[in-house]
1. Here's a check for you: in segment 44-83, which residue that is at positive phi and at pLDDT 90 or above is surrounded by the most Cβ atoms within 10 Å (Cβ to Cβ)?
2. Any idea which residue in segment 84-99 is surrounded by the most Cβ atoms within 10 Å (Cβ to Cβ), counting only those that are touching an Asp or Glu at 6+ places or on another chain (Cβ under 8 Å) and either within 20 Å of Ala15 (Cβ to Cβ) or β-branched (Val, Ile, Thr) (or both)?
3. Are there any pairs, at least 6 apart or on different chains, whose C-beta atoms fall under 6 Å, with the first in segment 28-53 and farther than 21 Å from Ala95 by Cβ and the second among the hydroxyl-bearing types (Ser, Thr, Tyr) and assigned to a strand (DSSP E or B), and if so, which?
4. Look at Ala85 and say whether it is among the small types (Gly, Ala, Ser), within 19 Å of Asn98 (Cβ to Cβ) and in a loop (DSSP other than H, G, I, E, B).
5. With respect to Gly18, determine if the residue is of a type outside the set (S, T, N, Q) and crowded, with 20+ Cβ neighbours inside 10 Å.
6. Taking only segment 61-71 into account, find how many residues are over 18 Å from Gly11 (Cα atoms) and either assigned to a strand (DSSP E or B) or over 13 Å from the mean Cα position of the chain (by Cα) (or both).
Amino acid sequence: MKKIAVPTEEGKVAAHFGRCPEYTLMQTENGEINKTQVIDNPGHKPGFLPRFLDDKGVDCIIAGGMGRRAINIFHDNDIEVVTGAEGEIESCVQAFLNDNLDEAGNICDHDQHHERGGHGCGH
């Protein structure tokens with residue numbers, strides 16, 4: 001059994017892990033999704049969300065983009081991270097379970113800012 005968390009917005013994988021309105025948690029077994037739960041994002045504070053989702057029993061994160069610090073915290077807790085996903089939530093999770101998810105590898109770098117006020121994520 002595996003529990004996957006996906007940052008979501010309007011039924012799709014959100015572009016940014018920490019700034020999404022909600023997370024969709026999917027419990028999977030034998031390559032099938034057997035339970036889905038949507039929870040509100042409790043807030044974007046550095047280092048908080050990886051611990052929050054770890055406490056929910058999450059084994060894997062599938063996201064559009066994520067910062068290096070969050071990735072490192074997930075890895076420190078033996079939680080797999082897949083970035084660069086986009087599209088409908090269930091389709092992405094099923095593609096992941098079938099080893100067929102196209103990953104673009106989008107990692108945010110919030111230490112680099114664009115001159116016009118961008119946050120450097122590239123998404």
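1. If we filter segment 44-83 for residues that are at positive phi, which is where we start, we get 47, 57, 78.
Still in the list and also at pLDDT 90 or above: 57, 78.
On the way: Gly57: 12, Asp78: 8.
The selected residue is Gly57.
2. At the first step, the residues of segment 84-99 found to be touching an Asp or Glu at 6+ places or on another chain (Cβ under 8 Å) are 84-85, 92, 95, 97.
Restricting the remaining residues to those that are either within 20 Å of Ala15 (Cβ to Cβ) or β-branched (Val, Ile, Thr) (or both) gives 84-85, 92, 95.
Numbers: Gly84: 18, Ala85: 27, Cys92: 23, Ala95: 17.
Checking each candidate, the answer is Ala85.
3. So the pair list comes out as Ile39/Tyr23.
4. Working: among the small types (Gly, Ala, Ser): yes; within 19 Å of Asn98 (Cβ to Cβ): yes; in a loop (DSSP other than H, G, I, E, B): yes.
Answer is yes for this residue.
5. Numbers: of a type outside the set (S, T, N, Q): yes; crowded, with 20+ Cβ neighbours inside 10 Å: yes.
Yes.
6. In the first step, residues of segment 61-71 are kept if they are over 18 Å from Gly11 (Cα atoms); the result is 66-71.
Narrowing the set further to residues that are either assigned to a strand (DSSP E or B) or over 13 Å from the mean Cα position of the chain (by Cα) (or both) leaves 66-67, 69.
The total comes to 3.
Table: residues versus (1) of a type outside the set (Ser, Thr, Tyr); (2) over 13 Å from Ile4 (Cα atoms); (3) in contact with a Gly (Cβ under 7 Å, 6 or more places away or on another chain); (4) assigned to a helix (DSSP H, G or I).
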site	(1), (2), (3), (4)
Thr36	no, no, no, no
Arg51	yes, yes, no, yes
Ile73	yes, yes, yes, yes
Gln94	yes, no, no, yes
Asn100	yes, yes, no, no
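The values are calculated or read from the model by the stated rules, or taken from the named source; none is laboratory data. Since this is a predicted model, take the numbers as computed values, not measurements. Note that we place each Cβ from the backbone using ideal geometry, even for glycine, and neighbour counts take in every protein chain shown.
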